[in-house]
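The values are calculated or read from the model by the stated rules, or taken from the named source; none is laboratory data. If you're wondering where the values come from, they're calculated on a predicted model, not measured in any experiment. Every residue, glycine as well, gets a Cβ built from its backbone with ideal geometry; the counts of neighbours run over all protein chains shown. Side chains included, ligands, DNA and RNA excluded: accessible areas come from the protein's heavy atoms. Shrake-Rupley method; radii C 1.70, N 1.55, O 1.52, S 1.80 Å.
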Amino acid sequence: MSKYRDILSTLGPGVTLLAVSKTKPYEDVKALYEEGARLFGENRVQEIEEKFPSPDERPEGMKIFMIGHLQKNKVKKAVALADRIESVDSLELLEKIDSEAGKINKKIDILLEWKSSDDENKSGFDDETKLMEAVCISRKLSHVNLLGLMTIGPLTDDKERVRSAFRETKVLFDKIGGLSVLSMGMSGDYDIALEEGSTEVRIGTLLFGRRG
C-alpha cells in the first residue's frame, strides 16, 4: 500500500487528506497524484506560480490550497492560482480577497485561521469577537465562500496542550455553525486532531519526507 493510501485508511469517513507539498518538486507532487492524491497545500504564492502548471493545465482533479500566511500584495496572484485560501487571518485580508476575486469573476473558497497557540510566529485571529465579525462579513461578501476554520496547534511535546488547542477551535467551529471544514492536525499531531473533530488534516512530512 502507498504512503498516501496508508494514511488515508486511518482517517475515517468524512476526513480529507491535504498533502502539504511546500518546498517539494513537482515530480514528487505528480508521483503522489498517481497514488491518488488530489489536494495539495502550499505556503507561498511564488512557489505555486513557479512549480505548478496554470490552473487550466493541471491534471484532472488536482487542486492547490494556499495554507501559508498570505500577504496582501500577493492576494491577486493567490486568488488566480489557488482553489482555496485556508489562511485568512484578518478582516483586511478577507476584504482584499473578495475584491480581487470579483475582478476575475471568481468565487473562492476560504477558511478563517484561528490562532490557538501563543506562538508569536503564528498568524490567525486571536480574538473571538473579531473572528465572529469576520464570519458575518464573509457571509455577506459576493466572491468568497466561507467553508470553515483552520488552526495550527502549538509546537510542543505536551499532548494535552495540543489537545486543548484543538478542542478550543472545535468549540468555536460548533458555535459558529453552518461550517463544513475544520482543518486541524499535521504529521506530528493529526491523531489528536482527529479525536477532537478535525475534518481535514494537512500532512507533509509523513508523505514527502523531512524538509531540508
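When Lys and Arg each count +1 and Asp and Glu each count -1, what net charge do the other residues less than 11 Å away from residue 183, Cβ to Cβ, add up to?
On the way: positive: 84, 202; negative: 86, 113, 200.
Net charge around residue 183: -1.
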Query - Local electrostatic count, residue 118, Cβ distance below 13 Å [Lys/Arg +1, Asp/Glu -1] - result: -2
**Report entry** Calculated SAXS-style log₁₀ I(q)/I(0) at q = 0.16, 0.19 Å⁻¹ - the range 94-212, Debye, Cα scatterers
**Finding:** -0.79, -1.02
**Report entry** the chain, accessible surface, carbon-and-sulfur percent (1.4 angstrom probe)
**Finding:** 45
Query raised in the report: By the gyration tensor of its Cα atoms, with a ≥ b ≥ c the square roots of the eigenvalues, what is the shape of the range 54-117: rounded for a/c under 1.5, prolate for a/b over b/c, or oblate?
Result: oblate
Query raised in the report: When the dipole is taken about the Cα centre of the chain, and only Lys, Arg (+1) and Asp, Glu (-1) are charged at their Cβ, what size is it in debye, to the nearest 20?
Result: 500
Report summary line: Quick shape check on the chain: root eigenvalues a ≥ b ≥ c of the Cα gyration tensor, a/c under 1.5 is rounded, otherwise prolate if a/b tops b/c, else oblate, and it reads oblate
**Report entry** Residue-by-residue Karplus 3J(HN,Hα) for the range 2-11, coefficients 6.51, -1.76, 1.60, Hz, glycine and proline x
**Finding:** 6, 4, 4, 5, 5, 5, 4, 5, 8, 7
Report summary line: Filtered hits (aspartates and glutamates, Cα-Cα < 16 Å from residue 74, offset >= 8 within chain) -> 42, 47, 49, 50, 83, 86, 89, 92, 95, 98, 100
**Report entry** Residues with amide H under 5 Å from that of residue 204, placed H, sequence gap 5 or more
**Finding:** 20, 187
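Residues with beta-carbon under 15 Å from that of residue 16, excluding residue 16: net charge, scoring Lys, Arg +1 and Asp, Glu -1?
Numbers: positive: 5, 38, 63, 84, 202; negative: 83, 86, 109, 200.
Local charge sum for residue 16: +1.
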Query raised in the report: Rounded, prolate or oblate: which one fits the range 155-212, using the alpha carbon gyration tensor with axes a ≥ b ≥ c (rounded when a/c is under 1.5, else prolate when a/b beats b/c, else oblate)?
Result: oblate
Report task. Would you calculate, for the chain, the mean residue ellipticity at 222 nm contributed by helices, counting each DSSP H stretch of 4 or more residues as -39,500 (n - 2.57) and dividing by all residues, to the nearest 500? Result -> -11000 deg cm²/dmol
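Using the structure shown, select from 30/159; 103/170; 63/103; 3/122 the pairs with a Cα to Cα distance greater than 25 angstrom. Present the calculation step by step, with values, prior to reporting the outcome.
Values: 30/159 34 Å; 103/170 34 Å; 63/103 21 Å; 3/122 29 Å.
Result: 30/159; 103/170; 3/122 exceed 25 Å.
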Report task. Taking amide H positions as placed in the peptide plane 1.01 Å from N, state which residues far from residue 153 in sequence (5 or more) or on other chains have amide H under 5 Å from it. Result -> 185
